[in-house]
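Step one of this worksheet: look at the structure below.
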Amino acid sequence: MYRTHTNGELRLSHAGQTVTLAGWVQTVRKFGSITFVDLRDRYGITQLLFGEELNKELESQPLGREFVIQVSGAVSERTNKNPNIPTGDIEILVSNFTILNKSAVPPFTIQDDTDGGDDLRMKYRYLDLRRNAVRKNLELRYAVNRAARNYLHNQGFMDIETPFLIKSTPEGARDFVVPSRMNPGQFYALPQSPQTFKQLLMVSGYDRYYQIVKCFRDEDLRADRQPEFTQIDCEMAFVEQEDILNMFEGLVKTIFKDVKHIDYTETVQRMTWEEAMWTYGNDKPDIRFGMQLCNLKFPGHTFPGRKNIAELINGADFKVFDEAETVIAIAAPGCSEYTRKQTDELTEWVKRPQIGMKGLVFIKCNADGSFKSSADKFYSEEKLKAIAEATGAKAGDLVLILAGAEERTRKATSELRLELGKRLGFRKDDEFKLLWVLDFPLFEYDEEGNRWVARHHPFTSPKPSDIDTMISNDPSIPNAAEYLKHPYAGIRANAYDMVLNGNEIGGGSIRIYQRELQEKMFAALGMDEEEQQHKFGFLLGAFEYGAPPHGGIAFGFDRLCSILGGSESIRDFIAFPKNNSGRDVMLDAPAAIDNKQFDELQIRLDLKGE
Ligand code: ASP
């Protein structure tokens with residue numbers, strides 16, 4: 001037997017027992033004729049005491065960091081207790097030890113605050129995974145996995161595996177492709193999600209399906225994306241949107257409870273996509289704090305029916321506002337005493353290329369009731385007061401105003417709000433706020449491809465009230481130019497996103513389940529009959545054999561874990577992640593393959609652009 005206990009297990013109550021432990025040497029500390037060793041495994045650390053006699057043996061067989069050893073000895077009460085670790089009351093008086101395996105000096109210290117940089121840690125990820133902090137993240141991931149499985153199982157969901165070697169599934173990204181040796185010149189695609197399979201399972205009658213499953217998307221990797229990532233993927237038949245929202249609120253609340261011991265009893269807020277864009281400038285608003293957008297001026301077609309309050313800023317000859325398509329303000333609570341240096345810094349912040357604004361206008365709502373602004377020259381104090389009041393600012397607040405083109409300004413204001421929210425301490429890691437964003441637009445215009453694309457995916461159904469518009473319109477979709485002018489008034493989808501603290505953690509939709517409507521949708525996306533048949537003949541075919549009404553959702557499992565773990569990066573919660581260029585630096589993948597493999601595939605490599 002290699003061990004009787006783990007290194008996290010022994011307490012004062014074990015004193016006097018003889019035990020055998022095994023693990024990795026964390027530290028070796030020599031004090032004259034005795035030596036202390038901290039022995040580590042995934043359960044904790046136990047202090048070992050090598051007395052005088054064994055100390056001599058240690059001289060001929062010295063222990064080094066990360067050596068794997070086995071020791072036997074008596075559990076004994078420590079004189080110098082360590083209250084910071086659960087085993088801190090005891091130590092083992094080692095009677096004999098065996099070096100099971102030596103270790104080279106590790107390239108970084110295996111400690112919470114390691115001296116290893118990111119690249120080094122990823123290259124030696126198997127060592128990095130020994131660190132407490134990383135292990136805790138994987139434990140949290142496993143806890144989320146278990147909570148989700150338990151909940152879904154209890155609700156009657158069945159875990160059904162779907163294939164990885166498939167034909168393209170459109171989720172808006174590029175496919176990874178795999179050449180087929182048995183079918184030379186032909187390729188499989190790796191699934192961007194199991195979308196069409198889960199819908200087929202509904203047609204087959206498995207009316208509650210789930211899978212914790214890998215998805216593959218060949219995207220340019222922004223900071224927090226991985227080419228392969230994991231979803232909690234779910235689908236249900238005979239449901240309406242309301243059923244889905246309830247079921248999956250339940251899932252997330254259960255995860256909160258089981259993993260974080262949080263009783264999320266409050267009702268999950270709901271907001272339409274239009275409301276989210278209007279009040280937060282963002283379709284995944286962080287509602288842990290207010291600071292909502294005050295839309296002073298915006299082009300009439302973007303939010304039909306909303307009131308323009310441009311009279312507050314018009315007529316002052318202030319070109320910055322007069323010439324802008326959109327002017328939006330937010331009020332930062334308690335910031336009226338910001339110094340020139342601080343406001344200059346904020347101005348520089350919005351001018352950064354990622355934000356892309358030309359400048360920032362301020363109104364200080366002083367505690368004494370006076371108003372001071374960087375646009376004093378153009379606005380009377382009375383006007384400044386009116387603008388500030390429109391934003392909901394109170395005495396002591398600082399109003400920040402951005403002006404420019406609609407889309408950019410809205411996005412920039414949203415970013416500024418989030419940044420200030422962070423700086424002002426309104427975005428706390430331990431506070432969780434869920435939100436459903438509903439009624440997304442069904443389509444969006446892809447400027448690059450000069451065509452309409454499905455905003456979610458082409459299997460999402462339009463709102464029943466909007467189906468007629470869609471069907472009656474020529475399937476080449478309204479008139480692109482016309483529609484573009486009314487992006488917010490277009491056809492809405494039966495689609496929903498779940499948002500947690502400003503992150504989209506899940507998204508789904510009620511699906512189309514009639515062949516005729518699905519064909520219309522494909523046509524609207526510019527697919528002629530032949531292409532429809534070629535790409536989705538199987539699905540259209542299935543819809544002819546009794547497809548039930550159905551809908552579903554998929555949660556970004558890695559992201560959910562990272563938010564629950566209070567980290568910005570999903571990589572911290574993936575055992576073997578890829579770096580920002582999609583490389584596995586430990587395996588050194590992707591890599592070239594042998595000529596023999598090319599021969600078998602009957603492929604000749606002829607890289608373009610080399
Ligand atoms: N397959 C979709 C996605 O990956 C989720 C869904 O509609 O259920 O985003």
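The set of residues in region 210-227 being away from the ligand (no atom under 11 Å from the Cβ) and basic (Lys, Arg) consists of Lys214, Arg222, Arg225.
For region 166-179, the condition holds for no residue, the condition being that it is of a type in the set (Ser, Thr, Tyr), assigned to a loop (DSSP other than H, G, I, E, B), modelled with pLDDT of 95 or more and touching an Asp or Glu at 6+ places or on another chain (Cβ under 8 Å). Elements of the type helices (runs of 4 or more DSSP H) sitting completely within region 492-575 and holding at least 2 residues that are within 16 Å of the ligand (Cβ to nearest atom) and closer than 26 Å to Trp452 by Cα: these cover 515-524, 529-542.
Which members of region 332-350 meet the condition of being touching a strand residue (DSSP E or B) at 6+ places or on another chain (Cβ under 7 Å) and of a type in the set (Phe, Trp, Tyr)? Result: Tyr338, single match.
Exactly one condition in (1) within 13 Å of the ligand (Cβ to nearest atom); (2) open to solvent by 60 Å² or more (accessible area, probe 1.4 Å); (3) within 18 Å of Phe538 (Cβ to Cβ) is false for Leu165; which is it? Unmet for Leu165, out of (1) within 13 Å of the ligand (Cβ to nearest atom); (2) open to solvent by 60 Å² or more (accessible area, probe 1.4 Å); (3) within 18 Å of Phe538 (Cβ to Cβ): (1). May I ask you to list the residues in region 228-266 that are more than 16 Å from the ligand (Cβ to nearest atom) and hydroxyl-bearing (Ser, Thr, Tyr)? Thr254, Tyr264, Thr265 - these are the residues of region 228-266 that are more than 16 Å from the ligand (Cβ to nearest atom) and hydroxyl-bearing (Ser, Thr, Tyr). Looking at this structure, is Ser103 of a type outside the set (Asp, Glu) and in a loop (DSSP other than H, G, I, E, B)? Yes: the conditions hold for Ser103. Among the residues making up region 193-209, a single one is without any contact (Cβ under 8 Å) to a residue 40 or more places away in the chain, within 15 Å of the ligand (Cβ to nearest atom) and part of a loop (DSSP other than H, G, I, E, B): Pro194. Applying the criterion of at least 2 residues that are without any contact (Cβ under 8 Å) to a residue 40 or more places away in the chain and in contact with a Ser or Thr (Cβ under 7 Å, 6 or more places away or on another chain) to the strands (runs of 3 or more DSSP E) found wholly in region 289-387 leaves 361-365. Select from region 112-136 the residues that are in a loop (DSSP other than H, G, I, E, B) and either more than 22 Å from the chain's Cα centre (by Cα) or over 18 Å from Val25 (Cα atoms) (or both) and list them in ascending order. Result: Asp112, Asp113, Thr114, Asp115, Gly116, Gly117, Tyr124, Arg130, Arg131.
Among Gln186, Gln155, which is surrounded by fewer than 19 Cβ atoms within 10 Å (Cβ to Cβ) and either within 15 Å of the ligand (Cβ to nearest atom) or under 29 Å from Gly250 (Cα atoms) (or both)?
Gln155
Of all the numbered requirements in (1) touching a residue at least 60 places away in the same chain (Cβ under 8 Å); (2) part of a loop (DSSP other than H, G, I, E, B); (3) over 23 Å from Ala133 (Cβ atoms), Gln70 misses one, and that requirement is (2).
Restricting region 260-276 to residues that are farther than 18 Å from Lys428 by Cα and in contact with a helix residue (DSSP H, G or I) (Cβ under 7 Å, 6 or more places away or on another chain) leaves a set whose member that is most open to solvent (accessible area, probe 1.4 Å) is Glu274.
Let's see how each residue does on (1) in a strand (DSSP E or B); (2) closer than 14 Å to Gly552 by Cα; (3) open to solvent by 60 Å² or more (accessible area, probe 1.4 Å); (4) in contact with a strand residue (DSSP E or B) (Cβ under 6 Å, 6 or more places away or on another chain):
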| position | (1), (2), (3), (4) |
| --- | --- |
| Glu161 | no, no, yes, no |
| Pro191 | no, no, no, yes |
| Gln211 | yes, yes, no, yes |
| Asp233 | yes, yes, no, yes |
| Thr254 | no, no, no, no |
| Lys257 | no, no, yes, no |
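Conditions (1) open to solvent by 40 Å² or more (accessible area, probe 1.4 Å); (2) within 17 Å of Gly23 (Cβ to Cβ); (3) of a type outside the set (Phe, Trp, Tyr), marked per residue:
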residue	(1), (2), (3)
Glu52	yes, no, yes
Glu59	yes, no, yes
Arg65	yes, yes, yes
Arg78	no, no, yes
Thr87	no, yes, yes
Ile90	no, yes, yes
Leu100	yes, yes, yes
Pro107	yes, no, yes
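Within region 439-462, residues that are within 11 Å of the ligand (Cβ to nearest atom) reach partners that are small (Gly, Ala, Ser) and at pLDDT below 85 with beta carbons closer than 8 Å, at six or more positions or on different chains, in the pairs Ala454/Gly172; His457/Gly172.
The values are calculated or read from the model by the stated rules, or taken from the named source; none is laboratory data. In this text, all values refer to a predicted model and were calculated from it rather than measured experimentally. Note: ideal-geometry Cβ built from the backbone for every residue, glycine included; neighbour counts use all protein chains shown. Just the protein is used for accessible areas: all its heavy atoms, side chains included, with ligands, DNA and RNA removed. Shrake-Rupley method; radii C 1.70, N 1.55, O 1.52, S 1.80 Å.
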